[in-house]
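Here the structure comes first, spelled out in structure tokens, and everything after it is commentary.
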Amino acid sequence: MVALTGHHEAYYTDHLGKPQEFISTIKWGYLYQGQWYKWQKQRRGTPGFGLHPATFVTFLQNHDQVANSARGLRCHVLTSPGRYRAITALMLLGPGTPMLFQGQEFAASSPFFYFADHQQELAKRVYQGRVEFLAQFHSIATPEMQAYLPDPADPATFERSKLDFSEREQHAEIYMLHRDLLRLRREEPVFRAPRRGGVDGAVLGLEALVLRFFGENGHDRLLFVNLGLDLALHPAPEPRLAPPEGMQWETRWSSEDPRYGGCGTPPLETEENWQIPGQAAVVLIPQERENTPEDSQDE
């Protein structure tokens, strides 16, 4: 949420949305495994280094994150389409067990509010409790935003939170993105069967990272995630970018596929070294390298 929205108020305070945080999450599960947590003024979490990657449930949003806001907006509304597609790929292809919040797979336009059906006196106290709880977010604590807080006991609050399943067709591009990513997760062995030590990563830029999923007999996969600007790597000394011997990298999947509403993806590895597209995620696979005059001369 911090990387997508740029905000880290209240219980998001101890997160910066940086590439290293995503790499650490992919490799180790929880970010906080006993370190000091400023927001809670105490240490948070317990070690999980020995746990299998599939033990960890990963998600972009849940009922708490969406409902604990003034307008109940889902994360795809709070960020750009490219960032949303890229971060979705990171979640669905990562080694953790992904969880989709209701309607997330087709970018539901309906908000999701906190709603509750109580007797009148208790309903008033619940509403006041919500106002006080959300005041931890400095932006929501402002008078102008307080006026937008919905009453949990108002039937309209519940009705506005209902899904419109016709949006599966109306939002076909993002729905197809989720289906294709889940198919890729099912068909590619390195994504289908995560294991401890099966993935490593490197920070490539302020908002860019690469993950290398290690397969058998050199059948590795690279996943680039760049939430920022187009990135040119000159030079590119990071070893995790090197293809298996005798191979070259080719694009297997891209979040910028026009079928998803993207703008296309040129080759990432070129004669001018690496060109990483901005606000995109790209999966590369190794293919046999064709001999070039330079290869023949080296031999």
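Around the amide H of ILE276, modelled in the peptide plane, lie the amide H atoms of LEU231, ALA232, LEU233, all under 5 Å away and 5 or more residues distant in sequence or on another chain.
Rounded to the nearest 20, the size of the Cβ-charge dipole of segment 87-206 about its Cα centre is 580 debye, with Lys and Arg at +1 and Asp and Glu at -1. Highest average first, the peptides 36-46, 3-13, 124-134 ordered by how many other beta carbon atoms sit within 10 Å of their residues are 3-13, 124-134, 36-46.
A simple rule links phi to the HN-Hα coupling: the Karplus curve 6.51 cos²θ - 1.76 cosθ + 1.60 with θ = phi - 60°, which for segment 131-147 gives 4, 5, 5, 6, 5, 5, 8, 4, 5, 6, 6, 6, x, 5, 7, 4, 5 Hz, with x for Gly and Pro.
Under 5 Å from the amide H of SER110 lie the amide H atoms of ASP164, each residue being 5 or more positions distant or on a separate chain, with H modelled from the backbone and absent for Pro and chain starts. Toward the positive end of the charge dipole of the chain, with +1 on the Cβ of Lys and Arg and -1 on the Cβ of Asp and Glu, the farthest Cα among TRP274, GLN248, LEU227 is that of LEU227. Of the solvent-accessible surface of segment 1-106, computed with a 1.4 Å probe over protein heavy atoms with every protein chain present, carbon and sulfur atoms account for 59 percent. Dividing the summed helix terms, -39500 (n - 2.57) for each DSSP H run of n ≥ 4, by the number of residues in the chain produces a 222 nm estimate of -8000 deg cm²/dmol to the nearest 500.
Listed by chain and number, the aspartates and glutamates placed with their C-alpha closer than 14 angstrom to that of LYS124 are GLU132, ASP151, ASP154; residues fewer than eight positions away on the same chain are left out.
What percent do you get for the relative contact order of the chain when only Cα pairs under 8 Å and 6+ apart count?
Working: 493 pairs, mean separation 52.2, N = 299.
It comes to 17 percent, rounded to a whole number.
Give, in nm to one decimal, the length gained when the segment between ARG192 and MET145 is fully stretched (0.36 nm per residue of separation minus the Cα-Cα distance). Contour length minus the Cα-Cα distance gives 12.5 nm.
Near the amide H of TYR37, within less than 5 Å, lie the amide hydrogens of GLN42, ARG43, ARG44, all on another chain or at least 5 residues away, with H placed in the peptide plane. Classify segment 200-260 as rounded, prolate or oblate from the Cα gyration tensor: take a ≥ b ≥ c as the square roots of its eigenvalues, call it rounded if a/c is under 1.5, otherwise prolate when a/b beats b/c and oblate if not. Oblate. Here's the picture: charge each Lys and Arg Cβ at +1 and each Asp and Glu Cβ at -1 in the chain, and of HIS76, PRO152, VAL57 the one pushed furthest to the positive end of that dipole is PRO152. Under the convention that each Lys and Arg Cβ holds +1 and each Asp and Glu Cβ holds -1, the size of the dipole of the chain around its Cα centre is about 1540 debye. Under 20 Å from a point 7 Å along the Cα-to-Cβ line of SER110: which residues of segment 143-170 have their amide N that close? Taking a point 7 Å out along Cα→Cβ of SER110, the residues of segment 143-170 whose backbone N falls under 20 Å are 149-170. Charge tally around ALA135: other residues with Cβ under 15 Å, Lys/Arg +1 each, Asp/Glu -1 each, net -2.
The values are calculated or read from the model by the stated rules, or taken from the named source; none is laboratory data. All figures in this text were calculated on a predicted structure; none of them were measured in a lab. No Cβ is skipped: glycine too gets one built from the backbone with ideal geometry, and neighbour counts run over all protein chains shown. Note: accessible area is taken over every heavy atom of the protein model, side chains too, but ligands, DNA and RNA are not part of it. Shrake-Rupley method; radii C 1.70, N 1.55, O 1.52, S 1.80 Å.
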